[in-house]
Each structure stands twice: as structure tokens, then as C-alpha cells.
1. (1) outside any helix (DSSP H, G or I); (2) at pLDDT below 95: which one isn't true of N34, the others all being true?
2. Give D66, D93, D23, D50 a once-over and let me know the one that is of a type in the set (D, E) and modelled with pLDDT under 95.
3. For residues in segment 27-52 being without any contact (Cβ under 8 Å) to a residue 12 or more places away in the chain and polar (S, T, N, Q), which is surrounded by the most Cβ atoms within 10 Å (Cβ to Cβ)?
4. State which residue is nearest to D93 (Cα to Cα) when the search covers only segment 37-55 and only residues that are small (G, A, S) and in a loop (DSSP other than H, G, I, E, B).
5. Filter segment 65-91 for residues that are crowded, with 18+ Cβ neighbours inside 10 Å and of a type in the set (A, V, I, L, M, F, W, C) and give the result.
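The values are calculated or read from the model by the stated rules, or taken from the named source; none is laboratory data. These numbers come from a predicted model, not from an experiment. Note: ideal-geometry Cβ built from the backbone for every residue, glycine included; neighbour counts use all protein chains shown.
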Amino acid sequence: MEVFYETNTAIMAIPYSDLKRFDLATGDTEGLVNFLLSIQGIKLAALIIDRNSEVKLSFRSKGNFDVNTFARKYFEGGGHFNAAGGRSSDPLDRTVQRFIRAMHENEDLLA
């Protein structure tokens, strides 16, 4: 987990090796993204999970940050204004870096 207070953002990345090590199924990670959003001051939360064949992303937001538009623009996704998802064919580390770049591109909306 990493918190970026300058952009009011928190992320959690879960590598495929951890999914296998702890025998985690898809539903076992439900709610983690909401935990991130519960951190005081956080407006954007992202859960990034390496599913081996692709990387899945879940986004949640508070206030006026539209994660539906964010997911569509950066991660081939979509959803609702405050809850959306996306995907990436890049490896986990590259997907996390893409997310961080996208986050900084939107920091004026997150401040």
C-alpha cells in the first residue's frame, strides 16, 4: 500500500505471487479498495491486482473526482462516477507506474 498525500490518493498493488501464496480467489479482494478510500483525506483509491493474464484495476473516489472518466481514459475501463474498473496488459510494475503518471496528470482535480 502506498499513500500519496500530495494528490489525496492511495493505492494497493497485489502481485500474482501473493494471490497464489495465500490462495486468494477473485472475491477475496473485494472491499480492499473501499478500505483505502476510508483513509482520512483520500479522494482517489486504486486496487491493482495482477491476475497473471492481465492486470485488473478497481477505482473508488470521493467528492468530484470522476473515476469513470479516469478509467476510460487510462485503463480501457469504466463504471460509475465514484466507482469504476479497468484493465492493463502491461506487467504489474508498469501498470502501477502508468497509474502514478495518470494520477499526477489529474492532481489539480485531486487537490
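1. With (1) outside any helix (DSSP H, G or I); (2) at pLDDT below 95 applied to N34, the lone miss is (1).
2. The conditions single out D23.
3. Per the criteria, the residue is S38.
4. S53
5. Within segment 65-91, F65, V67, F70, A71, F75, A84 meet the criteria.
Rundown of residues vs (1) outside any strand (DSSP E or B); (2) out of contact with any Lys or Arg (no Cβ under 6 Å at 6 or more places or on another chain); (3) on the phi < 0 side of the Ramachandran plot; (4) of a type in the set (D, E, K, R), yes/no style:
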site	(1), (2), (3), (4)
L57	no, yes, yes, no
G63	yes, no, no, no
F70	yes, yes, yes, no
D93	yes, yes, yes, yes
R98	yes, yes, yes, yes
A102	yes, yes, yes, no
D108	yes, yes, yes, yes
